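Below: one structure, written as structure tokens.
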Amino acid sequence: MSEMSFEQMLDESFKTIRNGEVVEGTVIDVKPDEIILNIGYKSDGIITRNEYTNEPNVDLTTAISVGDTMEAKVLKVNDGEGQVMLTYKRLAAEKGNKRLEEAFNTQEVLTAKVVQVLEGGLSVVIDEARIFIPASLVSDTYEKDLGKYKDQEIEFVITEFNPRRRRIIGDRKQLLLAKKAELQKALFERIHVGDVLEGTVKNVTDFGAFIDLGGADGLLHISEMSWGRVENPRKVFKVGEVARVFIKDINDKKIALSMKFEDENPWKDAASKYAVGNVVSGVVARMTDFGAFVELAPGVDALLHVSQISKEHVEKPADVLNIGQEIEAKIVDFNEEEKKISLSIKALLNMEAAESASEEEENVEE
């Protein structure tokens, strides 16, 4: 039996490795784009940046330190230069796929950071395994701009797992819907008609505002925003601001809200303030062919009929009055039940004329 050469004995002292085998090694050098491992083989193992992570332009010296122990998978035993090419990310992805398969089977809620915003959805990574969350499954409402999710950590469940086709689908929407259902149930269990709540303005339309009450939205109709007249809800409310409201009605899952608090009701003491014979001032709010409506206070309008505007004949209110003009008139009719008040400038002028004539008579007698 012939004696082995020194090189043969040296080779025999090292373990043998094969492509696809998982090896463990110690980091003996790190460069920005390369990791060198001592894997107990006659040649060192090399992990390039591309085989370490899917993240672009990562400086490996900030992620790995000399002396660290790592597991990797053999890509090539000899890369042509006598070095062993290894991959860390593919081994991590395989482990990640096993992790995701378990999560898919148990419907476990996972948390991961959004690493990429795509045209059709979001991409997240768990242990180097990529999950795609379609735009339709990102939120329970339409999201025009998915860019806000970049680098955010989000929760989701795996709804489709097919790594062979590279199809691993995540769903965030069902978690949001489930949470909303819980909040909605809790909200309806505690609220009652008449309750005063604070909510956040979620959306403003021409007919009202939707207020998020923390589990369900309530509608604050334009007619319930104020005791006074509201022409445009968008001039009164801004999305995101807090509004104090009370529950006017609950019909199944629909909540009607109001801001017309009774203690602020301008008709509360109207009987004395607007009694027949009182002289009041107000602002012309709007006009028709038959008269002008004068705002005496927010929520209290009175009719000044065209025949009561002047002692002279007036064809149309707009001929002598302007919107926003302040006028003084006498109350000639008050109907609290129907919330109707009638005014007369003519009666006020007649009253002033009578008082003036009375004063003149008194002066003559003296």
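The values are calculated or read from the model by the stated rules, or taken from the named source; none is laboratory data. In this text the structure is predicted, and so the values were computed from the model without any measurement. All Cβ positions, even for glycine, are placed from backbone atoms using ideal geometry, and neighbour counts span all protein chains on display. To get the accessible areas, we keep the full protein, side chains included, count just its heavy atoms, and leave off ligands, DNA and RNA. Shrake-Rupley method; radii C 1.70, N 1.55, O 1.52, S 1.80 Å.
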Which values, in whole Å and largest first, are the semi-axes of the equivalent ellipsoid of segment 256-310 obtained as the square root of 5 times each eigenvalue of the Cα gyration tensor? 24, 16, 8
Show me the ranking of peptides 47-54, 173-180 by mean Cβ neighbours inside 10 Å, starting with the highest. 47-54, 173-180
Scan (i) -0.30, -0.51; (ii) -0.62, -0.77; (iii) -0.44, -0.65 for the value of log10 I(q)/I(0) by the Debye sum over Cα atoms at q = 0.07, 0.09 Å⁻¹ calculated from this model and give just the label. (ii)
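Evaluate E = 1/(1 + (r/R0)^6) for S281 and S307, where r is the Cβ-Cβ distance and R0 equals 30 Å; express this FRET efficiency to the nearest 0.05.
So the FRET efficiency works out to roughly 0.90.
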Mind checking the dipole of segment 236-332: about its Cα centre, +1 per Lys or Arg Cβ, -1 per Asp or Glu Cβ, Debye to the nearest 20? 320
Eligible aspartates and glutamates near K144 by straight Cα distance, threshold 15 Å, same-chain separation 8 or greater: E119
Probe of 1.4 angstrom, ligands and nucleic acids ignored: what's the accessible area per residue over segment 137-264, in square angstrom? 63
Using θ = phi - 60° and the Karplus form 6.51 cos²θ - 1.76 cosθ + 1.60, what ³J(HN,Hα) does each residue of segment 255-269 get, whole Hz, x for Gly and Pro? 10, 9, 10, 8, 10, 8, 5, 5, 5, 9, 5, x, 8, 4, 10
Shape metrics for segment 141-218, restricted to C-alpha atoms - Rg then Dmax, Å: 17.5, 58
For segment 130-178, what is the largest minus smallest coordinate of the Cα atoms on each principal axis, given in angstrom and ordered from greatest to least? 31, 24, 18
Treating only the Cα positions of segment 86-211 as identical point scatterers, give the base-10 log of I(q)/I(0) from the Debye formula at each q in 0.14, 0.23 Å⁻¹. -0.72, -1.35
Using a Förster radius of 45 Å, what is the FRET efficiency between H221 and E352 based on their Cβ-Cβ separation? Nearest 0.05, please. 0.55
Restricted to the chain, the DSSP antiparallel beta bridge percent, nearest 5, is 90
Name the shape class, rounded, prolate or oblate, that the alpha-carbon gyration tensor gives for segment 175-218, where a ≥ b ≥ c are the square roots of its eigenvalues, rounded holds for a/c under 1.5, and otherwise prolate holds if a/b is larger than b/c and oblate otherwise. oblate
Which percent of the accessible area of the chain is formed by carbon and sulfur heavy atoms (probe 1.4 angstrom)? 47
Modelled FRET efficiency - R0 45 Å, V22 with L175, Cβ distances, 0.05 increments: 0.80
If unit charges are put on Cβ atoms (+1 for Lys and Arg, -1 for Asp and Glu) and the dipole of the chain is taken about its Cα centre, the option from L197, L86, H221 lying farthest towards the positive end turns out to be L86
As an exercise, identify the chymotrypsin sites (Phe, Trp or Tyr not before Pro) in segment 75-175 lying in DSSP coil whose Cβ has no more than 14 other Cβ atoms within 10 Å. Y142
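Going by average Cβ neighbours within 10 Å, how do the peptides 162-169, 273-280 rank, with the highest at the top?
Per-residue Cβ counts within 10 Å, averaged per peptide and sorted highest first, yield 273-280, 162-169.
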For segment 188-276: rounded, prolate or oblate by the Cα gyration tensor [a/c cutoff 1.5]: oblate
At q = 0.10, 0.15, 0.16, 0.23 Å⁻¹, what base-10 log of I(q)/I(0) does the Debye formula yield for segment 45-138 when every alpha carbon is treated as an equal point scatterer in vacuo? -0.35, -0.72, -0.80, -1.22
So who's got an amide H within less than 5 Å of the one on I255, skipping anything under 5 residues away but keeping other chains? H placed 1.01 Å off N, in plane. L219
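Only Lys, Arg, Asp and Glu count, each charged at its Cβ (+1, +1, -1, -1), so figure out the dipole size of the chain about its Cα centre, rounded to 20 debye.
I would put it at about 2100 debye.
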Low-density loop trypsin sites (Lys or Arg not before Pro), segment 87-150, at most 14 other Cβ within 10 Å, DSSP non-H/G/I/E/B, are K144, K150
Distance cut-off 31 Å, Cα to Cα: go down the list K311/K340; K248/K346; K202/K260 and report the pairs above it. K248/K346
Using the Karplus equation 6.51 cos²θ - 1.76 cosθ + 1.60 (θ = phi - 60°), what ³J(HN,Hα) coupling, rounded to whole Hz, does each residue of segment 275-282 give in order, writing x for Gly and Pro? 5, 4, x, 5, 9, 10, 10, x
Quick one: Karplus J couplings for segment 339-347, per residue in order, coefficients 6.51, -1.76, 1.60, θ = phi - 60°, nearest Hz, x for Gly and Pro? 6, 10, 10, 10, 10, 8, 6, 4, 5
Isotropic mean projected area of the C-alpha convex hull, segment 69-109 (nm²): 3.8
Compute the length gained on full extension between N50 and N38: take 0.36 nm times their separation in residues and subtract their Cα-Cα distance, giving the result in nm to one decimal. 2.4 nm
Cα shape, segment 108-155, gyration tensor, a/c 1.5 rule: prolate
What nm value, rounded to one decimal, do you get for the distance between V66 and N203 when each label is placed 7 Å out toward the C-beta? 6.2
Considering the dipole of segment 90-181 built from charges on the beta carbon (Lys and Arg +1, Asp and Glu -1) around the Cα centre, which of L118, N105, I154 is farthest to its positive end? L118
